[in-house]
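The structure appears below as structure tokens.
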Amino acid sequence: MSVLIRGGRIVTAADDYVADLYVEDETVTLIGESLDVSADKVVEAAGKYVLPGCVDPHTHLDMPFGGTVTIDDVESGQISAAFGGTTCHVDFIIQPQGATFAQAFDEWRAKANGKQVIDMGYHMAITDLDNGGTLEELASLPDQGITSYKLFMAYKGALMVDDATLYRAMEVAAQSGALVMVHAENGDVVDLLVREALAAGNTEPLYHALTRPPEAEGEATNRAIQLAHLAGAPLYVVHVTCREAVEPIAAAREKGWDVWGETCTQYFFNSLDDIAKPNFEGAKYVYSPPVRDASNWEYLWNAVRTDALSAISTDHCAFLWDGQKTLGRDDFSKIPNGGPGLEDRLKMIHQFGVREGRISLNRMVELLSTNPAKLFGLYPRKGTVAVGSDADLVVFDPEKQVTISASTHHSKADYNLYEGTTVTGAPEVVLLRGRVLVENDELVASPGVGQFVKRARFGQELRPSRAAVAP
Ligand code: URP
Ligand code: ZN
Ligand code: ZN
């Protein structure tokens with residue numbers, strides 16, 4: 001199968017030029033002016049952007065959490081991703097208490113079996129290093145392409161680990177070539193504040209935010225940075241929401257430490273006004289760390305522009321409002337934490353980041369595709385448009401108008417965090433390794449076409465698979 005994409009504006013993290021692009025089988029094999037080639041399929045892309053498929057480094061599909069299971073499984077989550085221009089994501093395996101990492105990996109692979117529409121890798125979320133998973137087994141995960149470990153410093157009594165466990169994982173990562181990821185909130189303090197709020201009769205969703213203050217995020221972020229530095233491990237702080245957490249990341253980066261931070265689409269758009277909505281509607285905005293005061297929005301845009309923060313993910317962790325979020329109608333601490341968004345990241349960041357002049361088009365590609373691919377061992381197979389790279393491509397129409405809504409999105413979630421927002425610019429054709437996934441607003445590939453990707457160790461490259469086209 002060959003595809004010719006003609007006359008598009010090819011935009012990578014570094015370049016921006018008009019050219020034809022030729023795909024044979026799974027890879028890009030030629031880029032040039034007026035290519036004289038025949039192709040099985042021609043996509044006319046004049047006036048359109050040709051972007052590398054977006055890489056989402058932070059998703060939760062088919063994950064048991066908060067007394068229920070996320071509503072999007074691998075199939076619905078990845079279909080939703082494909083419509084949004086995301087062709088690869090890294091999902092979290094959660095180690096069940098007492099299970100080995102191999103058991104956890106098998107369980108997560110079984111959930112994906114036959115359902116994959118896009119490519120995916122896994123991070124291993126460590127919950128237990130004393131029963132089940134051992135340090136030796138942890139050290140062997142990069143050999144299987146799982147090259148990042150995640151630890152939760154919050155969710156006491158569920159996923160939270162103590163500092164000794166966090167530090168032991170960092171020591172292993174320093175040796176094994178894995179990247180350590182942290183959910184940075186002080187879980188002990190949050191737990192105390194939650195109990196105090198409930199004892200005072202404060203049960204509304206708003207108290208989810210008020211019991212998880214920015215200082216708790218800032219303190220844990222700084223603690224993780226110092227511990228990672230001591231252990232000699234690279235660190236990636238997920239879902240950063242506020243100045244209190246950005247500042248220690250920026251300070252570490254200025255010192256040249258191996259520290260990176262990510263924020264998520266929702267933290268630019270949702271605020272305390274949303275979680276305070278009446279009639280339990282605020283529960284739609286219950287995720288952790290929580291929504292912040294709207295004054296953080298421009299601060300975060302500045303942080304992604306200046307590379308204090310280096311990636312934007314979705315943290316897609318979707319629950320139904322009606323039937324799942326309602327588990328916490330009388331007690332905010334029982335509302336499952338998480339929100340949908342896999343489909344909306346590119347459109348929202350293009351509209352409010354690029355169109356409104358906050359970041360450049362190149363920087364958008366870097367934040368949504370290239371940096372996640374580089375940090376998580378997928379580059380240059382993913383994350384760029386180049387000869388030899390996977391033909392994961394988005395033909396993006398910068399003039400297409402779309403109104404975002406739960407009534408049209410492809411997630412099973414019964415609400416959308418950006419309901420009613422009209423954007424100008426949306427994916428038109430999405431390809432995964434040369435195969436068209438989405439065209440004319442239709443899914444044209446079947447579940448099963450996506451693959452598990454064995455990622456490279458931190459700091460190493462994932463070379464293109466076909467030696468014949470490798471530069
Ligand atoms: O509320 C959230 N973010 N749910 C997903 C789990 C996590 O903390 O990333
Ligand atoms: Zn988290
Ligand atoms: Zn998450």
Restricting the range 23-50 to residues that are surrounded by 20 or more Cβ atoms within 10 Å (Cβ to Cβ) and β-branched (Val, Ile, Thr), the one farthest from the chain's Cα centre (by Cα) turns out to be VAL43
Exercise. Return yes or no: is GLN116 more than 16 Å from ligand 3 (Cβ to nearest atom), more than 22 Å from the chain's Cα centre (by Cα) and at pLDDT 95 or above?
Key: no
Within the range 153-170, of all residues that are among the small types (Gly, Ala, Ser) and either part of a helix (DSSP H, G or I) or more than 21 Å from the chain's Cα centre (by Cα) (or both), the one nearest to ligand 1 (Cβ to nearest atom) is ALA158
Quick check on the range 41-50. Is at least one of its residues within 16 Å of ligand 3 (Cβ to nearest atom) and not small (Gly, Ala, Ser)? no
In the range 208-242, anything within 24 Å of THR314 (Cβ to Cβ) and of a type in the set (D, E, K, R) is listed as ARG212, GLU217
Review point. Quick one: would you say LYS150 is assigned to a loop (DSSP other than H, G, I, E, B), at pLDDT 95 or above and under 21 Å from the mean Cα position of the chain (by Cα)?
Key: no
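Here is a yes/no grid of residues against (1) farther than 20 Å from VAL194 by Cβ; (2) basic (Lys, Arg); (3) free of Cβ contacts under 8 Å to residues at least 12 places away in the same chain:
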| residue | (1), (2), (3) |
| --- | --- |
| GLU244 | no, no, no |
| CYS264 | yes, no, no |
| ASN270 | yes, no, no |
| ALA283 | no, no, no |
| ILE312 | yes, no, no |
| GLY323 | yes, no, yes |
When every residue in the range 51-73 that is surrounded by fewer than 24 Cβ atoms within 10 Å (Cβ to Cβ) and outside any strand (DSSP E or B) is compared, the one nearest to ligand 3 (Cβ to nearest atom) is HIS60
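Conditions tested, residue by residue: (1) in contact with a Gly (Cβ under 9 Å, 6 or more places away or on another chain); (2) part of a strand (DSSP E or B).
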position: ALA19; (1), (2): yes, yes
position: TYR22; (1), (2): yes, yes
position: THR29; (1), (2): yes, yes
position: LEU35; (1), (2): no, no
position: ALA39; (1), (2): no, no
position: GLY47; (1), (2): yes, no
position: GLY77; (1), (2): no, no
position: THR87; (1), (2): yes, yes
position: ASP91; (1), (2): yes, yes
Those residues of the range 399-410 that are assigned to a strand (DSSP E or B) and surrounded by fewer than 17 Cβ atoms within 10 Å (Cβ to Cβ) come to a total of 4
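Condition check ((1) closer than 21 Å to PHE458 by Cα; (2) in a loop (DSSP other than H, G, I, E, B); (3) in contact (Cβ under 8 Å) with a residue 12 or more places away in the chain; (4) more than 16 Å from ligand 1 (Cβ to nearest atom)) across all residues:
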| position | (1), (2), (3), (4) |
| --- | --- |
| ILE225 | yes, no, yes, yes |
| ALA228 | yes, no, yes, yes |
| ALA233 | yes, yes, yes, yes |
| GLU247 | no, no, yes, yes |
| TRP260 | yes, no, yes, yes |
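The values are calculated or read from the model by the stated rules, or taken from the named source; none is laboratory data. From a predicted model like this one, the values you see are computed outputs, not experimental measurements. Cβ coordinates were reconstructed from backbone atoms using ideal geometry, including for glycine residues, and neighbour counts include every protein chain displayed.
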